[in-house]
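Structure, as structure tokens:
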Amino acid sequence: MSSFRVAAVVTLRRSIADVQGTTVEQALHIIGFPRIEHVRIGKYIEMNVVAASAEEARAYVEEACRRLLANPVIEDYRVTEVEPVAELQVG
Amino acid sequence: MKFGVIVFPGSNCDWDAYWAVRSALGEDVAFVWHKEETLPADLDCLILPGGFSYGDYLRSGAIARFSPIMNAVIRFARAGGLIMGICNGFQILCEIGLLPGAFLRNRCLRFLCCTVFVRVERSDTPFTNTLRSGAVLRIPIAHGEGNYYVPPDMLRGLEQHGQVLFRYCDAQGRVTESANPNGSVANIAGVVNREGNVLGLMPHPERACDPLLGNADGLSIFQAIRHFCSAERPILMVT
């Protein structure tokens, strides 16, 4: 078993108005970033997972997203990173 | 009759609910710590109070739904026990799936603390049986994530089955966009499950139970619950 650093991003579903994203987008336009569009604000969650493989670590976190990290009524999730955690070298 | 009030870490309307039942309504009430695994026997109505359970971390109610007491809450609901989730309690009931829907941040992105009007949509339920359909209540709200959302198909189901019990309205009972404080779909302020024994509402009736504090409209909901429980043959809403 190895340890993996896994990141998940949870955002509001596309069908749902993201008021926060819209407000931030307007602010970006005002300060000089008119080419930025469709801003969505989400949550970034990272964690260490002990698993036999990167695929297993990813599946494990996807299950955690379904059970707790995202609410399927309003949110989508995606696992964005799965990286092995470097072993600590002692001595 | 006997009420129970669940206390989660971060509940802050538990004493208000306790007081509303004990002093304003004059009925028996007991606190239930969230780490308990059983509810008191002979309970008629269980209240999930407002507050910020688990700091509202991740999403309002998302972590409280895994509290040890919640299995007993589900069993109580399935056995037909009355449950009223107020504000954060409503959010927890949605997260655990006893009620449909979920909550978004208020449309205005601000925490709202004010008094609003809600219209009673039907009077043949355990929670409104002493009120007339169309009655307007003045009830306080206090929430940052009170923007109730259900997808369009689920909303049709809610309306078809008469599950919307309270809607934000103006003082005359008109359900208008400007009377909607937080952007909730269809001005929904409170819903019941299909069976009609589980209610969730964002407004705080327990904060409006004493004329000395300027408003006792909320007491009518507690009185309706007592009336329902004291009826010889309680009849659950059939939808």
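The values are calculated or read from the model by the stated rules, or taken from the named source; none is laboratory data. Because the structure is a prediction, the values reported are computed rather than measured. Neighbour counts run over all protein chains shown; Cβ positions are idealised from the backbone, glycine included.
Quick notes
- Checked against (1) touching a helix residue (DSSP H, G or I) at 6+ places or on another chain (Cβ under 8 Å); (2) under 23 Å from A:Ala86 (Cα atoms); (3) within 13 Å of another protein chain (Cβ to nearest Cβ), A:Val6 passes all but a single condition, namely (3).
- Per this entry, B:Val21 is counted among residues that are within 21 Å of B:His227 (Cβ to Cβ), in contact (Cβ under 8 Å) with a residue 40 or more places away in the chain and among the hydrophobic types (A, V, I, L, M, F, W, C).
- Subset of the stretch A:63-91 that is in contact with a Lys or Arg (Cβ under 9 Å, 6 or more places away or on another chain) and more than 14 Å from chain B (Cβ to nearest Cβ) - its residue that is nearest to A:Val9 (Cα to Cα): A:Val79
- Screening B:Gly101, B:Gly50 for residues that are at pLDDT 95 or above and either under 16 Å from B:His204 (Cβ atoms) or touching a His at 6+ places or on another chain (Cβ under 6 Å) (or both) leaves exactly one candidate, B:Gly50.
- 1 or more residues crowded, with 18+ Cβ neighbours inside 10 Å and over 19 Å from the mean Cα position of the chain (by Cα): qualifying strands (runs of 3 or more DSSP E) within chain A: A:42-51
- Being surrounded by fewer than 20 Cβ atoms within 10 Å (Cβ to Cβ), away from chain A (no Cβ under 14 Å) and among the acidic types (Asp, Glu) is a condition met by no residue of the stretch B:134-154.
- Tally of residues being within 13 Å of B:Phe3 (Cα to Cα) and in contact with a helix residue (DSSP H, G or I) (Cβ under 9 Å, 6 or more places away or on another chain) across the stretch B:27-72: 14
- Matching option when the condition is modelled with pLDDT of 95 or more, farther than 17 Å from B:Ser60 by Cβ and assigned to a helix (DSSP H, G or I), among B:Arg156, B:Arg119, B:Arg174: B:Arg156
- Only one of the numbered conditions (1) out of contact with any strand residue (DSSP E or B) (no Cβ under 9 Å at 6 or more places or on another chain); (2) more than 14 Å from chain B (Cβ to nearest Cβ) is not met by A:Thr23, and that is (2).
- On the stretch given as the stretch B:87-110, residues that are in a loop (DSSP other than H, G, I, E, B), closer than 12 Å to B:Asn147 by Cβ and in contact (Cβ under 8 Å) with a residue 12 or more places away in the chain total 6.
- Scanning the stretch B:49-85 for residues that are touching a Pro at 6+ places or on another chain (Cβ under 8 Å) and either in a helix (DSSP H, G or I) or without any contact (Cβ under 8 Å) to a residue 24 or more places away in the chain (or both) turns up B:Ser53, B:Tyr54.
- Among the residues listed as B:Ala135, B:Ala208, B:Ala142, the single one being touching a Cys at 6+ places or on another chain (Cβ under 9 Å) and either of a type outside the set (S, T, N, Q) or closer than 29 Å to B:Gly26 by Cα (or both): B:Ala142
- For the stretch A:43-62, the set of residues classified as within 12 Å of chain B (Cβ to nearest Cβ) and closer than 18 Å to B:Leu104 by Cα consists of A:Lys43 only.
- Answer residue from the stretch B:191-216, given it is part of a strand (DSSP E or B) and over 13 Å from the mean Cα position of the chain (by Cα) and is surrounded by the most Cβ atoms within 10 Å (Cβ to Cβ) among those: B:Asn215
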